[in-house]
């Protein structure tokens, strides 16, 4: 009879990634009716994933989720092992040997490509690197963004595209009391941008902003939101979509576009944020750096809610010195873990990792964006993680192979042999307190450390 999950033989689970889905998985395990020890492994010295490094600095309320994660971390059954990289510092084979189960919650860390000529020109960037840069993510600290041009282009019309275009549209005074990284604030203070174009391949009825995000463009101090009435003409299928009672958000978004289109332009404002639809980039052009974008005019075809954008063959050109693509995100493979290349996720059945033949891989589970793709909001990850943990608990007998597991102790021995010093949650609290202290003189919630060695120096 299996004793796994008892006080004498607690279930040992390693969670790879300390973002929302990782914390929600830890919460579900800790709240279960069995004895469990959870080790959360994180690449950076700081936890909380995209809540810390992805949520826009001017959206502090969304970061309140961290208060819940802090309560989860207070549990004696929770342990953070940060500043280590799985697949490099610790292998997945070593995790399987030390723990009964491994849950991969490492998110979608890279951007989907446009797949057009000139995409790699200087001046062409991913939304991920820009968001990471202004949020103080160490991986993007040394990126440089030339904002000396008149025109910026953002390809995509989801909430990340909204964040990028809104940050570019705001004044320093609108940002200086947020937790935006100081190096980003200094660069934005010198911005010469006058036009920010936010371009979608489909129509205004299919834009994926949230109403709250879009509404903020109407409240900017020094930027006019621009939408032409011509761009808001809809086909019957799009009208049908907006009339659907369950599609309230899209109707609100469309109504906001209509409201923007009827506004008088305030000539006292120095910037314009222009929303355009039914266009797809076909080529980025320039000698040594981006100079212009070739866009193809699209039309929609298909049934309501299944409409796709089809190119018309008609092209227009837009001069621009900087472009950000925000057309979706994908995961990054981990050595030793199955990965679906075209989907950009770890293949799975309700969180149980599967191989190329759809066979369940023992001990491996997944949750969050790396499980289902980049969809939903922060809270969406809770149900996703609960589903995965429920499957894991159903498999309890299968996970008990009678071999004694050492959990975190085995991980620490491996790291010690490699002279790697992990960051624990108490170490993170020191970093956290110091960042808050650094922000106080500036009236900011915190001034983040943007280099790993700076963070580590606080823990010594």
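The values are calculated or read from the model by the stated rules, or taken from the named source; none is laboratory data. What you see is a predicted model; the values in this text were computed from it and never measured. Note that each Cβ is placed from the backbone with ideal geometry, even for glycine, and that neighbours are counted across all protein chains shown.
A few notes on this one:
- Flag if residue 460 is within 27 Å of the chain's Cα centre (by Cα) and not assigned by TED's automatic domain parsing to the domain that holds residue 130: no
- Meets criteria (crowded, with 16+ Cβ neighbours inside 10 Å and either touching a strand residue (DSSP E or B) at 6+ places or on another chain (Cβ under 6 Å) or under 22 Å from residue 193 (Cβ atoms) (or both)) for residue 270: no
Quick grid of which residues meet (1) part of a loop (DSSP other than H, G, I, E, B); (2) over 19 Å from residue 375 (Cβ atoms); (3) under 16 Å from the mean Cα position of the chain (by Cα); (4) not assigned by TED's automatic domain parsing to the domain that holds residue 381:
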| site | (1), (2), (3), (4) |
| --- | --- |
| 120 | yes, yes, no, yes |
| 147 | yes, yes, no, yes |
| 153 | no, yes, no, yes |
| 161 | no, no, yes, yes |
| 174 | no, yes, no, yes |
| 184 | no, yes, no, yes |
| 202 | yes, no, no, yes |
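- Residue match in region 8-17 (condition: surrounded by 21 or more Cβ atoms within 10 Å (Cβ to Cβ), assigned to a loop (DSSP other than H, G, I, E, B) and in contact with a strand residue (DSSP E or B) (Cβ under 8 Å, 6 or more places away or on another chain)): yes
- Only one of the numbered conditions (1) under 30 Å from residue 96 (Cα atoms); (2) touching a helix residue (DSSP H, G or I) at 6+ places or on another chain (Cβ under 9 Å); (3) at pLDDT 95 or above is not met by residue 459, and that is (3).
- For region 396-406, a tally of residues being surrounded by fewer than 20 Cβ atoms within 10 Å (Cβ to Cβ) and touching a residue at least 60 places away in the same chain (Cβ under 8 Å) returns 4.
- Filtering region 180-198 to residues that are touching a helix residue (DSSP H, G or I) at 6+ places or on another chain (Cβ under 9 Å) and closer than 18 Å to residue 260 by Cβ leaves 196, 197, 198.
- Residue 103 being at negative phi, more than 16 Å from the chain's Cα centre (by Cα), part of a loop (DSSP other than H, G, I, E, B) and crowded, with 21+ Cβ neighbours inside 10 Å: no
- When 371, 405 are checked against the criterion of being modelled with pLDDT of 85 or more, in contact with a helix residue (DSSP H, G or I) (Cβ under 9 Å, 6 or more places away or on another chain) and not in a helix (DSSP H, G or I), a single residue qualifies: 405.
Here's the yes/no breakdown for (1) in contact with a strand residue (DSSP E or B) (Cβ under 7 Å, 6 or more places away or on another chain); (2) assigned to a helix (DSSP H, G or I); (3) at pLDDT below 95:
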| site | (1), (2), (3) |
| --- | --- |
| 216 | no, yes, no |
| 228 | no, no, no |
| 234 | no, no, no |
| 253 | no, yes, no |
| 260 | yes, yes, no |
| 281 | yes, no, no |
| 284 | yes, no, no |
